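Take a look at the structure set out below.
The values are calculated or read from the model by the stated rules, or taken from the named source; none is laboratory data. From a predicted model like this one, the values you see are computed outputs, not experimental measurements. Positions of Cβ are generated from backbone atoms using ideal geometry, with glycine treated the same way; all protein chains shown enter the neighbour counts. Ligands, DNA and RNA are excluded from the accessible area calculation, which covers all protein heavy atoms including side chains. Shrake-Rupley method; radii C 1.70, N 1.55, O 1.52, S 1.80 Å.
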Amino acid sequence: MCGRDDVSTPLKCMVFFFNFIFWCAGVLFIVVGSWAYYEKHKFTTSSSDEKSSHVEFFDLIFDLTILIVILGCIIFVIAFAGCIGALRENVCLLKFFCYALGAVLFIELVLAVLAFVFTHEIKAKVTEVFEDQLLVRYRDDDDLRNLIDWAQKTFQCCGIGSDGYRDWSSNLYFNCTDENPSMERCGVPYSCCRRPDIQEALVNTECGHGKQSLTRSEAERFIYTSGCIQEALYTAKQNLYVIGGVALGVAVIQVVR
């Protein structure tokens with residue numbers, strides 16, 4: 001049952017070609033992710049054993065290098081089965097390839113339906129998790145900090161939820177308590193700041209200092225005040241047809257493969 005079967009040559013070549021490209025992409029993801037993880041952690045010394053030995057679930061899902069490696073492994077396994085299955089005309093590998101793609105497509109559809117049906121519940125949960133994990137870890141992870149800065153500059157937002165720029169009080173360095181000795185006390189990251197076009201190339205890393213102590217109307221003169229989830233959803237609604245086209249294209253590629 002796992003031996004050869006009659007497979008048309010054009011179909012065999014097409015399956016092999018597409019899966020070889022994805023196989024190479026999977027290998028690239030694994031190599032790049034592993035290298036980035038090594039570079040990120042190579043300076044970890046024995047003095048940080050207490051911190052590094054206590055690895056939480058959120059440490060893994062918010063570590064971009066680990067996510068890249070996991071994604072690369074999934075792509076590698078599925079594409080490898082497609083490549084070898086098509087090349088050797090192995091029915092078992094081709095069946096595994098088809099079932100794996102079907103499972104991925106099914107999971108994507110389920111997640112899309114759940115996101116549509118439970119929009120408000122998912123938005124509230126995502127906001128809660130991001131506020132508790134992303135903002136708190138802003139100064140602890142360079143990759144995470146770069147991602148947050150990119151999101152805040154791209155979507156012209158500050159913070160996560162409905163409190164917007166004041167969400168940054170959850171961070172140890174930016175909270176507004178009197179006990180906070182940080183120079184950034186009651187401030188926000190520089191990526192929240194509005195920058196005139198003439199000063200686009202200039203970066204004032206202290207532009208967000210003390211902005212949480214201002215009212216929203218006062219702060220809007222200097223920084224973005226809306227939360228990033230709200231702004232991201234607004235941007236998604238403005239580009240709904242583009243997102244739908246991309247999603248349909250990805251689905252078609254998965255089905256064709």
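Computed quantities for the displayed model
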{"quantity": "Subset of segment 75-96 [surrounded by 19 or more Cβ atoms within 10 Å (Cβ to Cβ) and aliphatic (A, V, I, L, M)]", "calculated": "Ile75, Ile78, Ala79, Ala81, Ala86, Leu93, Leu94"}
{"quantity": "Tabulated pairs, segment 140-158, first within 19 Å of Gln212 (Cβ to Cβ) and at pLDDT 90 or above, second acidic (Asp, Glu) and open to solvent by less than 20 Å² (accessible area, probe 1.4 Å), C-beta under 9 angstrom, 6+ apart or interchain", "calculated": "Cys158/Asp167"}
{"quantity": "Residue match in segment 59-66 (condition: modelled with pLDDT under 85 and surrounded by fewer than 14 Cβ atoms within 10 Å (Cβ to Cβ))", "calculated": "yes"}
{"quantity": "Of all residues making up segment 185-205, the number that are part of a loop (DSSP other than H, G, I, E, B) and at pLDDT 85 or above", "calculated": "6"}
{"quantity": "Residues located in segment 28-44, provided they are touching a helix residue (DSSP H, G or I) at 6+ places or on another chain (Cβ under 6 Å), at pLDDT 80 or above and of a type in the set (A, V, I, L, M, F, W, C)", "calculated": "Phe29, Ile30"}
{"quantity": "Residues of segment 162-178 classified as assigned to a helix (DSSP H, G or I), open to solvent by less than 70 Å² (accessible area, probe 1.4 Å) and not acidic (Asp, Glu), total", "calculated": "5"}
{"quantity": "Scan of segment 206-231 for residues that are of a type in the set (Lys, Arg) and either open to solvent by less than 60 Å² (accessible area, probe 1.4 Å) or in a loop (DSSP other than H, G, I, E, B) (or both), ordered by number", "calculated": "Lys211, Arg221"}
